[in-house]
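Structure, as structure tokens:
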Amino acid sequence: MILGAHVSTSGGIHNAIKNGTDLHCDAIQVFLKNPNQWQGKLPDDAIVEKFRSAWAETELADVIVHDIHLSNLASPKPDVLKKSSQAFRVQMELAQVLGLRHIVTHLGSHLGEGETFGLKRLTDSFDHLFESTEAPDVIVLLETTAGQGTNLGYCFEHIRDVIGMSKYPDRFGVCFDTCHVFAAGYDMRTEADCAATFNQFDDTIGLTRLKAFHLNDAKSTYQSRVDRHEHIGEGNIGATAFAYILNDPRFADVPLIIETPEMKTMHEVNLSTLRKLYRN
Ligand SMILES: [Zn+2]
Ligand SMILES: [Zn+2]
């Protein structure tokens, strides 16, 4: 089991390492820049070096990057598309320098142009980024989404199609967010539901693509297409799904990252809840 949390980089990205080890994480997820700003201060060489040496002193198996919230690589609007690509390029290059392999991103929003348009534009954006960015070791993890509004990625077929249309399918993996998948309409409340949902994932995308989980319970309801995270075991998904994932040998080497609310005070509690569900 590789269990961890999204942690703060306040004061510099090197601080994320300590924030993770303080919580006894096996892996962490971070933002490399302010997720609500296009522009943002990037770490200088000294911070990069601090980060690398802090990480080397720990047993942390993985540090995953999450793309900024503003990003829309499927956008029909040229200015937003350009800013999204620039921000993604910066994060890819920084990830390469820092030795990070995985950037998680949502599939973006077609804003009324239709899903076929959005998926094609998204694929073209990634292909262009792969061709024009010096980050050969960085893999993009497409995250399953709840599907609010015109957001793409609420069904496994969208992810399959982007990987299938890309000229660079080897540059993609998938991040499975339990809250999003449940809100999108894949049930996970019983063991049989979990088995069926992962079978569907395997048939559509393939479990070998699954490189990370976001473990979040859902404040939103089944099929609501609304994205609201809840503490583990306190939401509409319930503990059974988390016990299923934690104890499934197919996921033993896949990082499991919590993005539950009130991270300063509640990460410790949610991680402890999950550890108790692990049967060894
Ligand atoms: Zn997530
Ligand atoms: Zn979410």
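The values are calculated or read from the model by the stated rules, or taken from the named source; none is laboratory data. Quick caveat: nothing in here was measured; it's all calculated off a predicted structure. Here Cβ is always computed from backbone atoms with ideal geometry, including for glycine, and neighbour counts include all displayed protein chains. Heads up: the accessible areas ignore ligands, DNA and RNA and are worked out on the full protein's heavy atoms, side chains in. Shrake-Rupley method; radii C 1.70, N 1.55, O 1.52, S 1.80 Å.
Is there any pair linking a residue in the stretch 162-191 that is more than 16 Å from Ile232 (Cα to Cα) and modelled with pLDDT of 95 or more to one that is within 16 Å of ligand 1 (Cβ to nearest atom) and open to solvent by 30 Å² or more (accessible area, probe 1.4 Å), with Cβ under 8 Å and at least six apart or on different chains, and which?
Gly173/Lys211; Val174/Lys211; Cys175/Lys211; Ala184/Tyr154; Ala184/Arg225; Gly185/Tyr154; Gly185/Arg225
Taking Ala212 as meeting all but one of (1) within 16 Å of ligand 2 (Cβ to nearest atom); (2) over 24 Å from His231 (Cβ atoms); (3) small (Gly, Ala, Ser), write down the number of the exception.
Exception for Ala212: condition (2).
For Phe156, are the conditions met, namely being under 24 Å from Ala27 (Cα atoms), aromatic (Phe, Trp, Tyr) and either within 16 Å of ligand 2 (Cβ to nearest atom) or crowded, with 18+ Cβ neighbours inside 10 Å (or both)? Spell out the reasoning first.
On the way: under 24 Å from Ala27 (Cα atoms): no; aromatic (Phe, Trp, Tyr): yes; either within 16 Å of ligand 2 (Cβ to nearest atom) or crowded, with 18+ Cβ neighbours inside 10 Å (or both): yes.
When the stated conditions are applied, Phe156 does not pass them.
Specify the residue that is nearest to Gln96 (Cα to Cα); the eligible residues are those in the stretch 130-172 that are within 14 Å of ligand 1 (Cβ to nearest atom) and not aliphatic (A, V, I, L, M).
Among residues in the stretch 130-172 that are within 14 Å of ligand 1 (Cβ to nearest atom) and not aliphatic (A, V, I, L, M), the one nearest to Gln96 (Cα to Cα) is Glu143.
Among the residues that make up the stretch 196-215, is at least one of them assigned to a helix (DSSP H, G or I), β-branched (Val, Ile, Thr), closer than 24 Å to Leu100 by Cβ and within 19 Å of the chain's Cα centre (by Cα)?
Taking every residue of the stretch 196-215 in turn, at least one turns out to be assigned to a helix (DSSP H, G or I), β-branched (Val, Ile, Thr), closer than 24 Å to Leu100 by Cβ and within 19 Å of the chain's Cα centre (by Cα).
Quick check on this structure: which one of Ile237, Ile232 is in contact with a Phe, Trp or Tyr (Cβ under 8 Å, 6 or more places away or on another chain), without any contact (Cβ under 8 Å) to a residue 60 or more places away in the chain and under 19 Å from Cys155 (Cα atoms)?
Selected residue: Ile237, the only one of Ile237, Ile232 that is in contact with a Phe, Trp or Tyr (Cβ under 8 Å, 6 or more places away or on another chain), without any contact (Cβ under 8 Å) to a residue 60 or more places away in the chain and under 19 Å from Cys155 (Cα atoms).
Output the number of residues of the stretch 78-106 satisfying the condition of being under 27 Å from Phe156 (Cβ atoms) and either without any contact (Cβ under 8 Å) to a residue 60 or more places away in the chain or among the small types (Gly, Ala, Ser) (or both).
Matching residues across the stretch 78-106 total 14.
When you scan the stretch 254-264, do you find a residue that is open to solvent by 40 Å² or more (accessible area, probe 1.4 Å) and touching a Gly at 6+ places or on another chain (Cβ under 8 Å), even just one?
So far as the stretch 254-264 goes, no, none of its residues is open to solvent by 40 Å² or more (accessible area, probe 1.4 Å) and touching a Gly at 6+ places or on another chain (Cβ under 8 Å).
Contact list please: Cβ distance under 7 Å, first residue in the stretch 252-280 and closer than 11 Å to His231 by Cα, second residue surrounded by fewer than 17 Cβ atoms within 10 Å (Cβ to Cβ), pairs at least six apart or on different chains.
Thr260/Met266
Here are Tyr222, Tyr186: which of them is assigned to a loop (DSSP other than H, G, I, E, B), surrounded by fewer than 23 Cβ atoms within 10 Å (Cβ to Cβ) and of a type outside the set (A, V, I, L, M, F, W, C)?
Tyr222
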